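Engineer: Below are the structure tokens for one structure; questions will follow.
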Amino acid sequence: MRKSDRNARILILGAGPGGLSAAHYLRRYGYKNVTVFEKLGRVGGLCRSVTEDNQSFDLGAAVISPEYREILKMARRTGARLEKVIGAEAFSMANETGGEPYHRLLDYLAGGSSWGAYLRYLLLCLRYLWTRFLLREVFRRPGWAGIDLHPELCVTFAVWLKNNRLEELGRLFELPITTFGYGNLDEIPAPYALRYISPLSLVAFLLSATRFARFLPGVLLLRRFRYGFQRFWEKMAWDLNVRLNVEVKAIKRSDQGITVTYTHPVQIIGEQLTHTEDKTQFDYLIVACPQLKETLEKMMDLTKEEAWLQSRTEFIPYAVASFEIADMVLKERVAFHLPLPPLGEPMIISQPHPDNELMAFYARLPSIEPTEADERRLREHIERYVKAFGGRIKTDDDWHSYDAWLYFKHVSVEEFRAGYYNRWEKIQGDNRTFYVGGLFDFDYVEGIARYSRFLIEKHFVEGD
């Protein structure tokens, strides 16, 4: 493509972090005709925020660390306000018939309550930080092209920890990995985990979990957007051409360009009319929605290589439910169920505001795809948890949300070894089409934003 053609018409599918980041960087580099299509009536993707009693809650992505450099730059540009995330606790349902559900998080992570156990735990954390620091060049460049040249990394994270004599830290890494929806340590490929758990992120996670974190500067800690992660993306979208409630029917790709057939709502004096079979021509297409292969095939004819690459991806079914809970205030803003419970039971309880009864419960679901039975069983488990804490779900208000999705689009260790990501990078730009999103780096907002910037600079800017 002519990288200096700033008048190129570019369509981005999806107004989540990947699509909005790509549109943001294109705009910063002078591209004038960038359009974002979003099928939902809001932006932000899995960054979903709600307001209850004038306080914001995140029901998806919630925190950022000092490692989130691209997101922090965007936050400064938009004036989005951040606040500290302080405190974490552990609990168990072992004594749900009576007794205190809480137990000390540090004792669980260290494997004991003695000073010797604490010291060993600290030394292991320092060893991980040093080992990960030595790998900094491997992870400096966004994306995974060439990762197959490091076979020692193309193993599961559990195997990598064992090979580096760090397996005793498994209990620690279950918190940001397994409970956050990225699978068990013996499932997730080590490159994903190592990119996600950078030295800065680990230090911020450890410090934020302590009670003295309130006395530390925010730049050292995990933080959240005061008005919610979704509201941050809404501010990002203000300067972008985002069209909501758009349903793409067909995409035809040729040497001459991209033809898109779609429907979209139009508001006329309070009446909503939907135009069908509208067609628009674009020069380039950026796919930024984490669609299943079957969904993409309904919109456009995938090449043999695109279809194969999409067919290798996997997901983890994950859910978050929220309720107003009376007579229950968490000791800290986040509580982890440790040891981890069976699939389908909440792994995390979050109460961002101690003076607000709204709480969120996060769980990995047992079904390959979320079902109504999963929701019913999850609510039963939540009721059991709440009862053990001495609280009750408020049925008079019953502020309730339930979101379930196929989360963490990824590939297996075997695909890493076989050069899967080299094949993706090779076809970026073929048929005037590019792909961004969590699959191409790691499924967290910083990785998504970093890869979007990398792709825009490589294919639309370099060589001007």
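Values in this text are rule-based calculations from the coordinates and carry no lab data. None of the values given here were measured: they were computed from a predicted structure. Here the Cβ is made from the backbone with ideal geometry for all residues, glycine too, and neighbour counts use every protein chain on show.
Engineer: Suppose every K and R has +1 on its Cβ and every D and E has -1 on its Cβ; what is the size of the dipole of segment 43-90 about the Cα centre, in Debye to the nearest 20?
Structural biologist: 400 debye
Engineer: Same structure, new question: Rounded to whole Å and ordered largest first, report the semi-axes of the equivalent ellipsoid of segment 111-208 derived from its Cα gyration tensor (root of 5λ).
Structural biologist: Result for segment 111-208: semi-axes of 23, 14, 13 Å.
Engineer: Moving on to the next point. Applying a 10 Å radius around every beta-carbon, put 414-425, 124-135, 43-54, 17-28 in order of their mean neighbour count, most first. Please report the intermediate quantities before stating the final value.
Structural biologist: On the way: 414-425: 17.2, 124-135: 14.9, 43-54: 18.8, 17-28: 25.4.
So the peptides 414-425, 124-135, 43-54, 17-28, ranked by packing, come out 17-28, 43-54, 414-425, 124-135.
Engineer: So, in Å, what gap is there between the alpha-carbon centers of segment 307-357 and segment 70-146?
Structural biologist: Their Cα centres are 16 Å away from one another.
Engineer: Okay, moving on. Going by amide H atoms built from the backbone, whose H comes under 5 Å of the H on E52, apart from near neighbours?
Structural biologist: F57
Engineer: Would you kindly derive the ³J(HN,Hα) couplings of segment 166-179 from the backbone phi angles with the Karplus curve 6.51 cos²θ - 1.76 cosθ + 1.60 (θ = phi - 60°), listing them in order in whole Hz, with x for Gly and Pro?
Structural biologist: These are the phi-based 3J(HN,Hα) values: 10, 4, 5, 8, x, 4, 5, 6, 4, 5, x, 9, 5, 5 Hz.
Engineer: Given H placed on each backbone N at 1.01 Å, which residues far from L358 in sequence or on other chains put an amide H within less than 5 Å of it?
Structural biologist: I325
Engineer: Which listed residue (V85, Y108, N7) has the Cα farthest towards the positive end of the charge dipole for the chain, taking +1 on Lys and Arg C-beta and -1 on Asp and Glu C-beta about the Cα centre?
Structural biologist: Positive-most Cα among the choices belongs to N7.
Engineer: If you place +1 on the Cβ of every Lys and Arg and -1 on the Cβ of every Asp and Glu, how big does the dipole about the Cα centre of segment 25-169 come out, in debye to the nearest 20? Show your work: numbers first, answer last.
Structural biologist: Working: 21 positive and 16 negative charges, 229 e Å.
The dipole magnitude comes to about 1100 debye.
Engineer: Using just the C-alpha positions of the chain as equal point scatterers, what log10 of I(q)/I(0) does the Debye formula give at each q in 0.09 1/Å?
Structural biologist: Scattering profile of the chain, log10 relative to I(0): -0.62.
Engineer: While we're here: Work out the charge dipole of the chain with +1 on the Cβ of Lys and Arg and -1 on the Cβ of Asp and Glu about the Cα centre, then indicate which of S412, L296, V203 is farthest towards its positive end.
Structural biologist: V203
Engineer: On to the next question. Note down the relative contact order for the chain as a percent, whole number, built from C-alpha pairs under 8 angstrom at least six residues apart.
Structural biologist: Computed over the chain, the figure is 25 percent.
Engineer: By how many degrees, 0 to 90 and rounded to 10, does the Cα axis of helix 199-208 deviate from the longest principal axis of the chain?
Structural biologist: Between helix and principal axis, roughly 50 degrees.
Engineer: Using the Cα centre of segment 314-408 as the reference point, and only Cβ charges (+1 on K/R, -1 on D/E), how large is the resulting charge dipole? Debye, rounded to the nearest 20.
Structural biologist: Computed charge dipole of segment 314-408: roughly 360 debye.
Engineer: Shifting gears a bit: From the residues A363, H381, P341, which one has its Cα farthest along the dipole of segment 314-408 in the positive direction, the dipole being from +1 and -1 charges on Cβ of Lys/Arg and Asp/Glu about the Cα centre?
Structural biologist: The one lying farthest along the dipole's positive direction is P341.
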